[in-house]
Structures are given as structure tokens and as C-alpha cells.
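Each remark here refers to the structure printed beneath this line.
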Amino acid sequence: MENILDQGKWALVTMALFLGSLVVNEWVFTNLEFVRGVNWIYLPAGVRLICTLLFGLPAALGLLAGSWIACFCYYFPDDMLRSVAGGIMAAAAPYLACRWARSALRLQPDLGNLTAWRLLICAVVYAVMNTTIHHLWFFLQGERAVLADGFIAMLTGDIAGSLIVLYTLKVVSALGRSLLRRRAA
């Protein structure tokens, strides 16, 4: 029972961080929206990736819930199919990227070996997976008018947002470790 509660906690933390990053992204990068839900800088991409790397499946479930809240209540309230699919895609892409990274990059469970280079690889792989999954959906739904431009915008936004979040966390983590070492000395 404790394990289920622990996993539920990480799902809720992920959902809150994701929804919070959506609000920040809307506020800070409002002029960089290509079309509804596709931004040239998309901070939630970084939250999706880091939470999934840290928490695994519970994060994916939190992203699913958070994405459904965002899609149903804000992005596409009049389009149930797009909202359901959008939530599934938003949760599946970072989870698949995480599974790939753990295997191909041999990431440690605590991400202790997550170097700057590996962060870059994770961000690019996630962005390619996310953009491809979404644009395959758009293609199958007949939304072909801005497919190429939308692909470039989403890919750019996911990479930029992921790198901003990931490298910010990497710097904050390094500073935190440095402060702890100074206090211990």
C-alpha cells in the first residue's frame, strides 16, 4: 500500500509541475505560440522529460491526468477526441524517450551519470518522438495545411523548452551540492 501511495505522490507532483509550467509558459512566452498548443519555446516539454526520467511510470500517469485537464479545460474544450488523444500522446512520448534513454544511454536510476551531453541527447530524442507522434496524429486527422511548419515549430519548442528546464535544473543541482559541501567543511 505504501508503494502505491508513494507512486501516487509522484504522479500528483508531476501533474502539478506540468500544469504550473503550462501557466508559466503561457505567461512568459505568449507571443511565441505558433498555433494553439504549439510554441517556439515550450517549457512543459522539459518538465515532461525530467519528471519521467526521475519518476518513470507514475510521472507518465501524472502527465496523462495533467494533459487531460489542460486539453479538456483550456486547449480543446470542444473537441473530446483531440483532448483524449492529446493527453495520451503527451504522456506516451516522454515515457518512451525515458525508456529509450535508460537503455541506450545506460542512465542510472538516480540520474547521477546524466551529463550535459546526455541531457542534450535526451532532449532531442524526446522532442523528435513527441513531434513525430503528434504530427502523425495531425496527418491522420487530415490537418495537413501547416504540417511541415508545425513540425519545425513543435520540434524547436520542445528542444528549447527541454534544454532550458534541464540545464536550469542541472545548474541548480550543482550549486546545491556545492553549498552542501561548503557547509560540511
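The values are calculated or read from the model by the stated rules, or taken from the named source; none is laboratory data. Because the structure is a prediction, the values reported are computed rather than measured. Cβ sites come from the backbone with ideal geometry, for glycine too, and all protein chains shown count toward neighbours. Note: areas computed on protein heavy atoms with side chains; ligands, DNA, RNA excluded. Shrake-Rupley method; radii C 1.70, N 1.55, O 1.52, S 1.80 Å.
Please tell me if Leu54 is open to solvent by 20 Å² or more (accessible area, probe 1.4 Å), modelled with pLDDT under 95 and in a helix (DSSP H, G or I). Yes: the conditions hold for Leu54. The set of residues from the stretch 11-51 being part of a helix (DSSP H, G or I) and open to solvent by 70 Å² or more (accessible area, probe 1.4 Å) comprises Leu12, Leu17, Val23, Trp27, Val28, Thr30, Asn31. May I ask you to list the residues in the stretch 66-85 that are surrounded by 18 or more Cβ atoms within 10 Å (Cβ to Cβ) and either out of contact with any helix residue (DSSP H, G or I) (no Cβ under 9 Å at 6 or more places or on another chain) or among the aliphatic types (A, V, I, L, M) (or both)? The answer is Ala70, Ala85. Being β-branched (Val, Ile, Thr) and in contact (Cβ under 8 Å) with a residue 40 or more places away in the chain is the filter here; which residues of the stretch 94-137 pass it? Matches in the stretch 94-137: Ile133 only.
Does the stretch 144-185 hold any residues that are closer than 26 Å to Leu54 by Cβ, of a type in the set (Val, Ile, Thr) and open to solvent by 50 Å² or more (accessible area, probe 1.4 Å), and which are they?
Pass one, the stretch 144-185, residues closer than 26 Å to Leu54 by Cβ: 154-184.
So of that shortlist, the ones also of a type in the set (Val, Ile, Thr) come out as 156, 159, 164-165, 168, 171-172.
Selection gives Thr156, Ile164, Thr168, Val171, Val172.
Restricting to the stretch 126-143, what's the tally of residues that are over 25 Å from Cys51 (Cα atoms) and open to solvent by 50 Å² or more (accessible area, probe 1.4 Å)? Residues that pass the stated criteria total 4.
Number of residues in the stretch 86-106 that are farther than 30 Å from Gln141 by Cα and either open to solvent by 50 Å² or more (accessible area, probe 1.4 Å) or out of contact with any Cys (no Cβ under 8 Å at 6 or more places or on another chain) (or both): the value is 4. Out of curiosity, is Trp117 part of a helix (DSSP H, G or I) and under 26 Å from Gly150 (Cα atoms)? Spelling it out, it is not the case that Trp117 is part of a helix (DSSP H, G or I) and under 26 Å from Gly150 (Cα atoms). Summed over the stretch 107-119, the residues that are open to solvent by 60 Å² or more (accessible area, probe 1.4 Å) and under 16 Å from Leu163 (Cα atoms) give a count of 3.
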